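Here's the structure, in structure tokens; my notes come after.
The values are calculated or read from the model by the stated rules, or taken from the named source; none is laboratory data. Only a predicted model underlies this, so the values are computations on that prediction, with no experimental measurement involved. Note: ideal-geometry Cβ built from the backbone for every residue, glycine included; neighbour counts use all protein chains shown.
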Amino acid sequence: MSDDTPTQSNEQTPVTPHRRRPRYSGKHPRRFDEKYKEHNPQRYADTVAKVLASGKTPAGTHRPIMVAEILDALSPKPGELAVDCTLGYGGHAREILARLQPGGRLLGLDADPIELPKTEARLRAAGFGPDTFMAVRSNFGGLPQALAASNLTGADCILADLGVSSMQLDDPVRGFATKFDGPLDMRMNPQRGFPATVLIEKTSAAELTRILEENADEPRASTLAAGLAGRTFPTTQALSAGIRAALPQLGKDESDLTVRRVFQALRIEVNDEFSALDMLLRYLPSCLKPGGRVAILTFHSGEDRRVKKSFEAGLRDGLYADIAREVIRPTPEERHDNPRSSPAKLRWAIRAK
């Protein structure tokens, strides 16, 4: 028998049975990973429209806040260079890019290695090629380095939206919120640093008190720190339960507010957000062309204080020709349509010529 003669075998290659996608569980599925229609807005536009009409954000997406006010402050023009320091889902960037054409470019920064490729692909599909839109993985504190690496000397307009994107808040795997249980992580870039669960385990009560006071103006910081510091909270809901147990006298509404403040304080610390913001504010004037405009959207008092003081100091020192005299807030209509916009505050400045 020739060695080339095929042989027969009783063994058959196992066939993987076809598995149907789980049926969409009702009009409004509860689990993030079940909401496949919301994750695919191109195919299920009607479902997404209904979610938006109800005042909610479709899963896996983000609704840009104060778009008209930001465009008014930045006044992007054809041929100019813009920077979106916090690209997120790309909603603001898309509106700015449309106004930069023809001939304009936008540099988009984001520290999130999970969401940045998705947003870059989304903007490419919208028709913005590499000659128009450039994406760089960096947090907003790395703006000077990002400009230099892209061979750019200064921008005509710069936007920094300091809020957490809905894609991050709603995905339980990211560990930013308590709506669904998930690992207590909170890192914008899961490839760097350490998660919030480790921060709590390794932090003293005195240091945790400082974190809660400085990052969230928490009025019960010392009591909470005494009950949380050094303990292990592996999931978001475990930490939420620990917070409530440390303050059993609080009613539900005040307890919910406290949980949100603690999560905010830990997220800021885990991602070193205030240091990044301080660095951005320090180098902003040198990153703007003469007459360039900057707009910064903040979501809590610690951020807004820093922006306000920096802009006021820049105006006194002649770095800025003008600044927003009053904080700009979302309209009542936007707050109704998108409740996540409610705490937003917008300030702008114009670089001196």
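When you check R63 against the structure, is it under 18 Å from F299 (Cα atoms), of a type in the set (K, R) and modelled with pLDDT under 90, yes or no? Yes, satisfied.
The set of residues in the stretch 92-132 that are in contact with a Pro (Cβ under 8 Å, 6 or more places away or on another chain) and modelled with pLDDT of 95 or more comprises H92, E95, I96, R99, L100, Q101, P102, G103, G104. Report yes if V307 is touching a Ser or Thr at 6+ places or on another chain (Cβ under 7 Å) and in contact (Cβ under 8 Å) with a residue 40 or more places away in the chain, otherwise no. Spelling it out, V307 is indeed touching a Ser or Thr at 6+ places or on another chain (Cβ under 7 Å) and in contact (Cβ under 8 Å) with a residue 40 or more places away in the chain.
For the stretch 68-116, a residue qualifies if it is within 15 Å of R293 (Cα to Cα) and of a type in the set (V, I, T), and the qualifying residues are I70, V83, I96. Among the residues of the stretch 186-226, those identified as in a loop (DSSP other than H, G, I, E, B), exposed (fewer than 14 other Cβ atoms within 10 Å of the Cβ) and either at pLDDT 95 or above or touching a Cys at 6+ places or on another chain (Cβ under 9 Å) (or both) are S204, P219.
To keep it simple, each residue is scored yes or no on (1) of a type outside the set (S, T, Y); (2) surrounded by fewer than 16 Cβ atoms within 10 Å (Cβ to Cβ); (3) within 18 Å of the chain's Cα centre (by Cα).
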{"residue": "M66", "(1), (2), (3)": "yes, no, yes"}
{"residue": "D72", "(1), (2), (3)": "yes, yes, no"}
{"residue": "G79", "(1), (2), (3)": "yes, yes, no"}
{"residue": "D84", "(1), (2), (3)": "yes, no, yes"}
{"residue": "L87", "(1), (2), (3)": "yes, no, yes"}
{"residue": "R94", "(1), (2), (3)": "yes, no, yes"}
{"residue": "A98", "(1), (2), (3)": "yes, yes, no"}
{"residue": "P102", "(1), (2), (3)": "yes, yes, no"}
{"residue": "L106", "(1), (2), (3)": "yes, no, no"}
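Do we have any residue at all in the stretch 155-165 that's in contact with a strand residue (DSSP E or B) (Cβ under 8 Å, 6 or more places away or on another chain), assigned to a loop (DSSP other than H, G, I, E, B) and either aromatic (F, W, Y) or at negative phi (or both)? Yes: the stretch 155-165 contains one or more residues that are in contact with a strand residue (DSSP E or B) (Cβ under 8 Å, 6 or more places away or on another chain), assigned to a loop (DSSP other than H, G, I, E, B) and either aromatic (F, W, Y) or at negative phi (or both). Pairing residues of the stretch 314-338 that are at positive phi with residues that are among the hydrophobic types (A, V, I, L, M, F, W, C) and surrounded by 12 or more Cβ atoms within 10 Å (Cβ to Cβ), at Cβ distances under 8 Å and at least 6 apart in sequence or on separate chains, gives G318/A352.
Do the conditions hold for E95, that is, is it of a type in the set (D, E) and within 26 Å of N189 (Cα to Cα)? In short, yes. Filtered by the rule that a residue be among the small types (G, A, S) and touching a residue at least 60 places away in the same chain (Cβ under 8 Å), the stretch 218-268 gives a lone residue, S240. Could you list, in sequence order, all residues of the stretch 143-162 that are buried (at least 18 other Cβ atoms within 10 Å of the Cβ), of a type outside the set (A, V, I, L, M, F, W, C) and out of contact with any helix residue (DSSP H, G or I) (no Cβ under 8 Å at 6 or more places or on another chain)? Scanning the stretch 143-162 gives a single hit, D156.
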